[in-house]
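Here is the structure we will look at.
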Amino acid sequence: MNAPAPEGCSHLEAAESRSAAVVPSGHGCVECLKAGGVWVHLRLCMTCGHVGCCDNSPNKHATKHFHGTGHPVIRSYEPEEDWGYCYPDELFLEELPARPGEAATRHYEPPHTSHPTRK
């Protein structure tokens, strides 16, 4: 059985009770893919489906997306991880189940930005 959202966090409650899935924006951090950046792990915005890199990544695009949009909740976009997080309330939810199409089927690596020197 899933643990309920922390009491008093309407953002996580809304994310848990959503009826429709968000559509992930792609198989990598949107901004890193455009700029040739790298990431460690990916996060999925539960409002719009933006895929951004985690706070252990150099550019922290998931958190920047929250600050730019106010979209409050993310979930991990890594295989076999179901946790969620609410930015405004700084609350973690151990299990925020994915709706069909929301879960990553594998860990997506950033594209290689350098090429080995040819001899």
Expected sort for 105, 69, 47 with the fewest Cβ neighbours (10 Å cutoff) up front is 105, 69, 47
Which order results if 41, 11 are arranged by neighbouring Cβ count within 10 Å, fewest first? 41, 11
Note, ³J(HN,Hα) from phi for segment 44-56, Karplus 6.51, -1.76, 1.60, rounded to Hz, x at Gly and Pro: 10, 6, 7, 9, 10, x, 4, 9, x, 7, 6, 6, 8
Around residue 91, which amide H atoms from residues at least 5 apart in sequence, or from another chain, sit under 5 Å from its own amide H, with H modelled in the peptide plane? 86
At 1.306 mPa s and 10 °C, Stokes diffusion of segment 22-93 via Kirkwood alpha-carbon radius, µm² per second: 134 µm²/s
Starting at the first residue of segment 79-87, write each ³J(HN,Hα) from the Karplus equation 6.51 cos²θ - 1.76 cosθ + 1.60 with θ = phi - 60°, in whole Hz, x for Gly and Pro. x, 6, 10, 10, 6, x, 9, 9, 5
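Under the rule of -39500 (n - 2.57) per DSSP H run of 4 or more residues, summed and divided by the residues of the chain, what mean residue ellipticity at 222 nm is obtained, to the nearest 500 deg cm²/dmol?
-4500 deg cm²/dmol
Values in this text are rule-based calculations from the coordinates and carry no lab data. Remember, it's a predicted structure, so these values are computed and weren't measured experimentally. All Cβ positions, glycine included, derive from the backbone under ideal geometry; neighbour counts span all protein chains shown.
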